[in-house]
1. Roughly how tilted is helix 41-79, in degrees to the nearest 10 and between 0 and 90, from the longest Cα axis of the chain?
2. Assuming 0.36 nm per residue, please report the length gained on full extension of the stretch Y60 to I44 beyond their Cα-Cα distance.
3. Shape call for the stretch 5-79 from the C-alpha gyration tensor, a ≥ b ≥ c root eigenvalues: rounded (a/c under 1.5), prolate (a/b greater than b/c) or oblate?
4. Provide the net charge surrounding A19, with neighbours chosen by a C-beta distance below 15 Å and charges set as Lys +1, Arg +1, Asp -1, Glu -1.
5. So how tilted is helix 5-36 from the main axis of the chain? Cα-based, degrees 0 to 90, rounded to 10.
Amino acid sequence: MELSPEEYGAYWRSSIFVAAGVSIVVFGYRLLSPLLSGPTVGAIGIAVFLLLALILAGTYVAMIGVARAVRTAVDAEMRG
């Protein structure tokens with residue numbers, strides 16, 4: 001599979017999206033872990049809500065990256 005410079009750039013951008021999505025989830029968990037082990041129900045509830053929101057956002061960003069990589073690969077295969 002021969003890739004043009006634009007396709008290489010698209011692969012790099014998609015890998016950055018995947019890495020950003022994983023980073024959002026990992027750093028969000030590390031940021032919220034003190035609240036998850038907190039003594040009050042309110043702090044735990046807020047932490048669970050924020051953690052779910054960050055997991056959703058991170059998964060969305062990572063899947064955008066995966067979709068771009070797949071689209072670039074399909075375009076390269078169809079062209080060549």
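1. The two axes meet at around 0 degrees.
2. Working it through step by step, the gained length comes to 3.4 nm.
3. In terms of gyration-tensor shape, prolate.
4. Working: positive: R13, R68; negative: none.
With Lys, Arg at +1 and Asp, Glu at -1, the neighbours total +2.
5. Result, in degrees: 10.
Throughout, read-outs are computed from the coordinates displayed, never taken from laboratory work. If you're wondering where the values come from, they're calculated on a predicted model, not measured in any experiment. Neighbour counts run over all protein chains shown; Cβ positions are idealised from the backbone, glycine included.
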